[in-house]
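The values are calculated or read from the model by the stated rules, or taken from the named source; none is laboratory data. None of the values given here were measured: they were computed from a predicted structure. With ideal geometry, Cβ positions are generated from the backbone for all residues, glycine too; neighbour counts draw on all protein chains shown.
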Amino acid sequence: MLALIRRHLIAKIALIVMSAVALGFGISIFLSTRTQIETLEKFHRISAAALSHSIGASVKHSMLAGNGVKVRQLIRKIKSKTEHAAIRIYAPNGEEVFAEKGPIPSATDIETHVKNALAKHETLRAQDGLHVVPIPNQARCRSCHETGKIRGILSISTQNTAMPISDPQVLEQSLAHIAREGFEQIMSSDNVSELDDYFEEMVKNTPGLTSITVLNMEGEPVFGDDTIKTPTVHLTRALKPGKAFHYLQGAQKLHLTPLPNEARCQGCHEPEESMRGALLVGFQSPMLKGENSLLPALKSSLEHVMLTGLGRLIKRFLDQIAATGTVSTLTLHDEQGRLYHDPFMKQHPPAIVQHALSRKEVVSDNVVTGAGSEFVYVEPMHNEKQCRTCHGTDQPLRGAIEIRLDTNSATQARAALINTNVMLGVVTVVFVVLFLYQWMRISVVWPMQRIANATDHVGNGNLDISVDVQSTDEIGRLGASVNSMIGGLRQKLALSKFVSRETMRTVDASDGAIHLGGTRRTITVLFSDIRGFTAFSDQHNPEEVVSMLNRYLQAQANIVIQYGGDIDKYVGDELMARFDGPGMEDRALQCGVELVAAVNALSNTDADHTIHVGVGINVGEVVLGAMGSDERMDYTAIGDTVNLAARLCSAAKGGEVLVTQSMADAAKPNQEFTLERLEPILVKGKPDPVAIHSAVARTKSS
């Protein structure tokens, strides 16, 4: 295709026309499409924002009631009524909440320790130190778990932790922290009637744990063991700095933890108070048994937190326990073996959701997937004052709502419109191109082809050609210029035969601006002169003389050109040639020897006469340039070097090549000829005899 465009003008014209028309229609289609897309995106953004605000308000209202089941039912109902919208809610850490349960995993997909615990219904200990604890489905759990003997699997490991529970003090602090987190989550669910049972069961099941009591600001028991009291001095010590400490009371070691009056607690407690009481946990330290005390405490606490029916409280409880540094693994699976929560698992929400959560601002974008296209709108849910009862004060956000609107139908409609516009554009482009093709072919291409054919002939050396000019426009003027150029080339070709190649090169290099003058250069000069020409001229008519002269000069010229020489001029039966560049001396000598041989061979073919040439060669500095006048000049070489070469030519006998000492010194050994020293001779213009040599061709025997 590229070669076709490069070769044919009509292809270039067609490409330009098609590009121009296609660009015009393309810009129109692009601008129209962009306007449609911007309008559609604006509509999607407004619709998604309105839907998001509506959902956010509904979720916020349901959340304020503290009922996660209602929120889940609300989300399910909204999803069922929004056919082209997908709605998801994410926690601040990027975990999706209120999502439907995933499919039940196959037996091969369930982790081995979970599968074994589900099958055996008993606590197991894996080889890697992992404790697997089934959560039984008791009668009190039937409101959420109607069937089955197990409602979950708790997996715990305390190996390789930052806070090893082998340290009794760490274990005591961990148990107190578990009791506090269980109390906090149950209180957040407003299910305070379960607290006494929770504390009693935890004490009963945990070796070394003797009592759990919640005290008010006056030190009076509110929940738990009401037989345990603490001196006012100890209570004051815990509440004023707001730091936990322990003390001994009889055989018990009591751990006193202050309870700050957080925003989520101020529905029952006055906001002016910084504390709302304290948690008092009693131990018999010798009875504590490491994991055997930690596991029952975790199990009892998780069972009672699960009774709230609020998944967010269950997950928050597990997150808080994981944050203590006393466990390295802590997972909860449901009764089908699906992973419910892993505090140590890094969440990977969609990038657009992560962007909205990190920047705490609305983010929207068009997303193209393998299934089609959709408009995504993500709005963060800020943790407002009335929301902090459930969400606390440690996060500025309580999550984000993601709405994905299916835009396939709009995209398909837009694609159909674009296809229609493109088809109309293609038809128009084809029609315009065909019309312009014919018109340009007649008015431009054919005349240009005639000009191109003429230039091809000129390029092949045929100057007997001309362009048939049929118009006076730019192409017609171009044809006339080509004809003028061909005429000029004819003249130049004719004139080039009357001047040397060096003259032509000088004229070309100077763009025709030749001025009188010359430069000094070192060259080799060769003269040859035909012997016996005068006698021949006297015995033959002028036509025969000119014919003979041209044949012998042509033979000599061929040899000069063969050895890279340039014929400077012809003077009657004499030839002057110049050699320059590397090896000019050797080439000139070889030329002289072969020139003599060529003339002898030509003479042998003529029975009625005998012709020989004498040759003189010299090397040295000359003045080379334009000589003469502004009206008529000659490009030649002058100087003593030229004169001496001419004198040697005159002194040479027929068939003899005489060279100067400088030529002999510069010549390299050659298998074709030898240099023989001759007696010095006197020449015109030289006061002393000149040393000369004769270049003699080697015979086959020598």
| field | Test result for Ser174, of a type in the set (Gly, Ala, Ser), in contact with a helix residue (DSSP H, G or I) (Cβ under 9 Å, 6 or more places away or on another chain) and either within 18 Å of Met275 (Cβ to Cβ) or buried (at least 21 other Cβ atoms within 10 Å of the Cβ) (or both) | value | yes
| query | From the list Gly625, Gly616, which residue is outside any loop (DSSP other than H, G, I, E, B), touching a helix residue (DSSP H, G or I) at 6+ places or on another chain (Cβ under 8 Å) and buried (at least 17 other Cβ atoms within 10 Å of the Cβ)? | reply | Gly616
| Condition met for Val367 (crowded, with 17+ Cβ neighbours inside 10 Å and within 47 Å of the chain's Cα centre (by Cα)) | no
| Do we have Ala85 as among the small types (Gly, Ala, Ser) and either at pLDDT 75 or above or surrounded by 15 or more Cβ atoms within 10 Å (Cβ to Cβ) (or both) here? | yes
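Quick check: is even one residue across region 298-307 within 25 Å of Gly152 (Cβ to Cβ), without any contact (Cβ under 8 Å) to a residue 12 or more places away in the chain and either touching a Ser or Thr at 6+ places or on another chain (Cβ under 7 Å) or not basic (Lys, Arg) (or both)?
No, because not a single residue in region 298-307 is within 25 Å of Gly152 (Cβ to Cβ), without any contact (Cβ under 8 Å) to a residue 12 or more places away in the chain and either touching a Ser or Thr at 6+ places or on another chain (Cβ under 7 Å) or not basic (Lys, Arg) (or both).
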| Being of a type outside the set (Lys, Arg), closer than 15 Å to Arg531 by Cβ, in contact (Cβ under 8 Å) with a residue 40 or more places away in the chain and touching a helix residue (DSSP H, G or I) at 6+ places or on another chain (Cβ under 9 Å), is that true of even one residue in region 634-651? | no
| field | Test for Gly479: is it modelled with pLDDT under 75, assigned to a helix (DSSP H, G or I), touching a helix residue (DSSP H, G or I) at 6+ places or on another chain (Cβ under 6 Å) and outside the structural domain of Ala11 (by TED's automatic domain parsing) | value | yes
| query | Is it true that some residue in region 587-606 is under 11 Å from Leu526 (Cα atoms) and outside any helix (DSSP H, G or I)? | reply | no
| request: Scan region 292-318 for residues that are surrounded by fewer than 18 Cβ atoms within 10 Å (Cβ to Cβ) and either hydrophobic (A, V, I, L, M, F, W, C) or modelled with pLDDT of 85 or more (or both) and jot them down. | output: Asn292
| Which ones in region 522-554 are without any contact (Cβ under 8 Å) to a residue 40 or more places away in the chain and under 30 Å from Asp580 (Cβ atoms)? | Leu549, Asn550, Leu553, Gln554
| note | When every residue in region 26-47 that is more than 30 Å from the chain's Cα centre (by Cα) and of a type in the set (A, V, I, L, M, F, W, C) is compared, the one modelled with the lowest pLDDT is Leu40
| If you go through region 556-578, how many residues are surrounded by 21 or more Cβ atoms within 10 Å (Cβ to Cβ) and among the small types (Gly, Ala, Ser)? | 2
| remark: Taking region 299-341 and keeping residues among the basic types (Lys, Arg) and closer than 22 Å to Ser174 by Cα leaves Lys299, Arg312, Lys315, Arg316
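Can you find, within region 271-291, the residue that is farthest from His246 (Cα to Cα) among those that are among the aliphatic types (A, V, I, L, M) and assigned to a strand (DSSP E or B)?
Of all residues in region 271-291, those among the aliphatic types (A, V, I, L, M) come to 275, 278-281, 287-288.
Now restrict to residues that are assigned to a strand (DSSP E or B): 275, 278-281.
Values: Met275: 18, Ala278: 12, Leu279: 11, Leu280: 9, Val281: 9 Å.
Once the filter is applied, the top-ranked residue is Met275.
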| field | Count of residues meeting criterion [buried (at least 17 other Cβ atoms within 10 Å of the Cβ) and either within 59 Å of the chain's Cα centre (by Cα) or modelled with pLDDT under 85 (or both)] in region 220-245 | value | 7
| Within region 325-343, can one find any residue that is surrounded by fewer than 18 Cβ atoms within 10 Å (Cβ to Cβ) and of a type in the set (Gly, Ala, Ser)? | yes
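Looking at region 653-672, can you tell me whether even one residue there is among the hydrophobic types (A, V, I, L, M, F, W, C) and closer than 30 Å to Leu516 by Cβ?
In the first step, residues of region 653-672 are kept if they are among the hydrophobic types (A, V, I, L, M, F, W, C); the result is 657-659, 663-664, 666-667.
From what's left, closer than 30 Å to Leu516 by Cβ: none.
No: zero hits.
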| Can we say Ser409 is exposed (fewer than 14 other Cβ atoms within 10 Å of the Cβ), hydroxyl-bearing (Ser, Thr, Tyr), over 39 Å from the mean Cα position of the chain (by Cα) and modelled with pLDDT under 75? | no
| said: For the condition within 18 Å of Tyr552 (Cβ to Cβ) and free of Cβ contacts under 8 Å to residues at least 60 places away in the same chain, what is the one hit in Thr660, Thr605, Thr674? | reply: Thr605
| task | Scan (1) in contact with a Lys or Arg (Cβ under 9 Å, 6 or more places away or on another chain); (2) at pLDDT 85 or above for the single condition Lys289 breaks and write down its number. | result | (1)
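Filter region 445-468 for residues that are outside any helix (DSSP H, G or I) and out of contact with any Gly (no Cβ under 6 Å at 6 or more places or on another chain) and give the result. So that I can check it myself, show each step before the final result.
At the first step, the residues of region 445-468 found to be outside any helix (DSSP H, G or I) are 460-468.
Result: Asn460, Gly461, Asn462, Leu463, Asp464, Ile465, Ser466, Asp468.
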| task | Select from region 328-339 the residues that are out of contact with any Phe, Trp or Tyr (no Cβ under 9 Å at 6 or more places or on another chain) and either assigned to a loop (DSSP other than H, G, I, E, B) or in contact (Cβ under 8 Å) with a residue 60 or more places away in the chain (or both) and list them in ascending order. | result | Glu335, Gln336, Gly337, Arg338
